[in-house]
1. Which whole number in µm²/s is D for the protein assembly as shown by Stokes-Einstein, with the Kirkwood Rh taken over Cα pairs at 25 °C and 0.890 mPa s?
2. With no solvent and one equal point scatterer placed on each C-alpha of region B:80-350, evaluate the Debye formula and give log10 I(q)/I(0) for q = 0.08, 0.09, 0.17 Å⁻¹, two decimals.
3. Determine, for A:339, C:53, B:20, the number of other Cβ atoms within 10 Å of each Cβ, and report the residues in order from fewest to most.
4. What is the Cα centroid distance between region A:331-377 and region B:300-317, reported in whole angstrom?
5. What average count of beta carbons from other chains do you get within 10 Å of the Cβ of residues in C:104-110?
6. Can you grab the distance from the C-alpha centre of region B:155-230 to the C-alpha centre of region B:322-337, Å, no decimals?
7. Do me a favour and compute the ellipsoid semi-axes for region A:280-380 from its Cα gyration tensor, root of five times each eigenvalue, largest one first, whole Å.
8. Report the Stokes-Einstein translational diffusion coefficient (µm² s⁻¹, integer) for region A:311-361, Rh taken as the Kirkwood radius over Cα pairs, at 4 °C with viscosity 1.567 mPa s.
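Computed from the coordinates by the stated procedures, all read-outs in this text should not be read as laboratory data. For clarity, every value in this text was computed on a predicted model and none was experimentally measured. Positions of Cβ are backbone-derived with ideal geometry, glycine not excepted, and every protein chain shown enters the neighbour counts.
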């Protein structure tokens with residue numbers, strides 16, 4: 001039985017006393033996708049206050065940035081958010097190129113877009129499988145990983161790794177893609193579209209899932225703006241903020257794609273945003289493959305020892321989870337003075353406390369799953 | 001006097017032997033099934049997920065349940081400090097026994113019911129209520145926040161789903177006119193169009209009735225999508241958190257025995273029990289081979305239902321707790337009341 | 001009333017559709033590769049740990065210890081030493097140690113090397129219970145490879161294997177590695 005002194009009596013908003021106890025959704029928990037601790041003050045099944053405690057996987061990435069040259073820091077960027085590693089490398093490399101005024105050849109830009117979008121799809125597949133695992137459906141995880149395996153094989157063929165790619169270089173790419181990749185990507189796009197349809201009828205239209213997600217965890221536009229939430233979180237609340245449209249970078253202005261936005265702001269809206277984003281990524285990949293120019297993949301005259309002129313440089317990309325921005329402060333040496341990484345998951349997590357007040361525990365877990373948090377992204 | 005004693009013994013002799021054979025048979029049937037349904041579940045789950053499942057232990061993993069049982073038995077039976085010792089130990093046994101006892105009235109074949117009790121159906125449901133108490137005891141005596149929350153949920157879930165189940169069973173009793181399971185099966189003789197599932201001239205919503213029974217059976221045995229008791233990603237292991245080793249093993253076996261019982265009951269009530277779907281294939285039903293054919297059909301139908309239970313578990317996510325209760329109170333109970341009234345009206349009108 | 005009936009109908013329909021899809025997947029073949037009974041062939045550009053490359057003409061390592069790789073590595077895991085042999089124009093490498101416990105397989109070293117003296121290997125079977133197995137002496141490995149090749153008198157150059165003795169019981173799919181004897185160098189700490 002519960003020990004009596006574990007229960008605290010609080011006075012709730014309407015003046016009535018209630019007994020609460022504190023449960024740790026501990027650092028080790030199947031539903032938190034990493035080492036995140038959430039201290040929940042519960043009143044029976046309802047959450048009175050959920051306080052996230054992060055920092056269990058703080059690896060001092062930004063401090064490492066102050067001790068490594070620009071080329072040496074590049075592998076670190078893949079490991080901040082290992083699920084969408086390409087886009088994070090893109091952010092860093094873009095900042096350095098913008099500072100050094102390097103001209104990236106068009107073929108490299110197109111390949112960067114293709115690989116980033118493939119990475120986005122694989123990240124969303126992991127999110128989808130893990131989210132459904134939290135909700136109790138075990139099978140879609142394996143279907144998602146089957147598709148993801150194909151993406152990883154494609155990217156392994158050109159980069160050599162499957163998760164933390166380190167493929168982009170300052171000024172272009174590490175090496176060029178071959179025909180196997182191009183044909184393989186086309187084949188993948190062709191077989192992925194029916195799979196997305198299958199996911200739709202298996203999961204998205206399923207009445208049990210709809211009951212679980214519709215009107216659960218509503219997040220308003222004002223709350224998103226207050227906490228700086230970006231990515232599918234804010235697009236599921238009705239604000240069409242996508243860094244690819246608002247601050248266009250790389251080759252994105254040349255492609256025709258839709259930024260999916262839904263008004264409701266509940267978990268179902270965020271779910272649908274991500275499913276639709278996968279379809280749009282397929283569109284972008286197809287257009288990029290058609291437009292793929294020939295030419296070099298590395299800029300000319302990239303100095304071996306790169307020293308950026310003194311100043312403050314910033315670059316933002318749309319990662320799978322939201323807006324990822326890199327700010328480099330340089331004092332003219334080959335090692336930056338400061339590398340600031342603005343990660344989306346920290347902002348997305350910060351609205352969990354306010355959004356989950358008064359919810360039931362399983363609903364709060366569904367909300368956390370729909371925020372798509374990757375904990376190393378929060379702690380860096 | 002010796003003659004009268006020998007007369008008495010020869011009159012009694014077949015019956016005790018028969019009972020002993022049945023007890024041994026049912027217990028070994030339940031034991032073997034509880035173990036090998038684990039294999040069916042794991043292989044089924046694997047095939048639905050396009051992977052091979054257990055393959056290492058024995059050919060196609062058939063010795064896997066034995067390895068699992070050996071592992072569970074070799075674990076220490078930890079009884080945590082501060083628990084209610086008697087209740088903690090008794091709870092798994094209490095969950096296992098109703099299933100075993102209720103199987104005494106299920107007709108596996110023509111003469112293969114252990115006891116042909118006239119109120120067999122009532123007896124099964126009387127025993128079924130003990131399950132609820134067993135989980136409550138298990139959760140309560142564990143002295144663990146998570147276990148108690150989970151046990152409370154399970155009690156409200158089971159109570160909510162017993163009501164539509166009983167309403168459906170009352171409808172069936174009304175339609176068939178008897179509570180004796182063997183007679184219910186005998187009424188479904190002929191081809192499959194005589195099965196209670198297709199008896200739409202008495203109750204036009206008979207397939208719906210079967211679905212309600214099936215859903216209630218899933219909820220009573222705490223199977224997905226109604227498995228709040230074992231919601232792994234939410235509350236660790238729910239009501240069974242504090243059980244280790246064979247205590248947990250017995251809960252597991254009890255769950256599978258309950259599924260076995262529920263599917264056997266559904267077969268007997270709705271799908272014609274041991275009746276063959278193609279009518280009287282062989283003339284008279286008295287010879288041994290016909291009894292075996294009856295047993296064969298019973299097992300085929302029961303295992304088909306068990307396969308569909310596994311299929312449903314690995315397809316759907318878990319329902320929300322209030323969604324589960326809403327389903328029962330707001331949808332299943334009105335519909336089953338409606339079918340009850342409808343079938344009684346039809347029976348009155350077309351008598 | 002009509003809405004809720006419609007909702008029940010569409011809900012039930014969605015459940016049946018879901019079950020039909022899963023049943024379809026039930027009858028499709030399994031996608032698992034049963035490691036360790038089967039294994040996959042690594043692609044050409046697979047990034048395993050680095051190994052030294054031998055110059056086919058001179059038979060010695062191309063590396064001449066310019067230490068560009070050592071400087072490029074973000075994790076400080078490479079140690080190179082070289083010495084100039086008599087009568088040679090450039091240095092030759094005498095020691096090349098890779099501390100694989102720190103290596104993150106980023107590839108900066110291979111990219112920094114101007115002469116192609118190091119390349120990626122295709123090894124992934126690198127489990128061991130001893131930390132010393134991961135302090136890889138690549139120069140020694142190259143020498144052992146050469147001795148092994150000489151011992152076999154001209155058979156094709158073997159793929160470098162991990163210092164861990166037994167190869168796992170793999171019947172490799174599609175013969176990705178040529179059948180070589182177990183190239184455990186003598187005296188490697190176990």
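1. The Stokes-Einstein estimate is 76 µm²/s.
2. -0.35, -0.44, -1.32
3. On the way: A:339 24, C:53 16, B:20 10.
Lowest to highest Cβ neighbour count: B:20, C:53, A:339.
4. For region A:331-377 versus region B:300-317, the Cα centre distance is 40 Å.
5. What the average comes to for C:104-110 is 6.
6. When both Cα centres are located, 15 Å separates them.
7. Working: eigenvalues 264, 116, 15 Å².
Over the Cα atoms of region A:280-380, the semi-axes work out to 36, 24, 9 Å.
8. Numbers: Rh = 13.2 Å.
Value of D from the Cα-based Kirkwood radius: 98 µm²/s.
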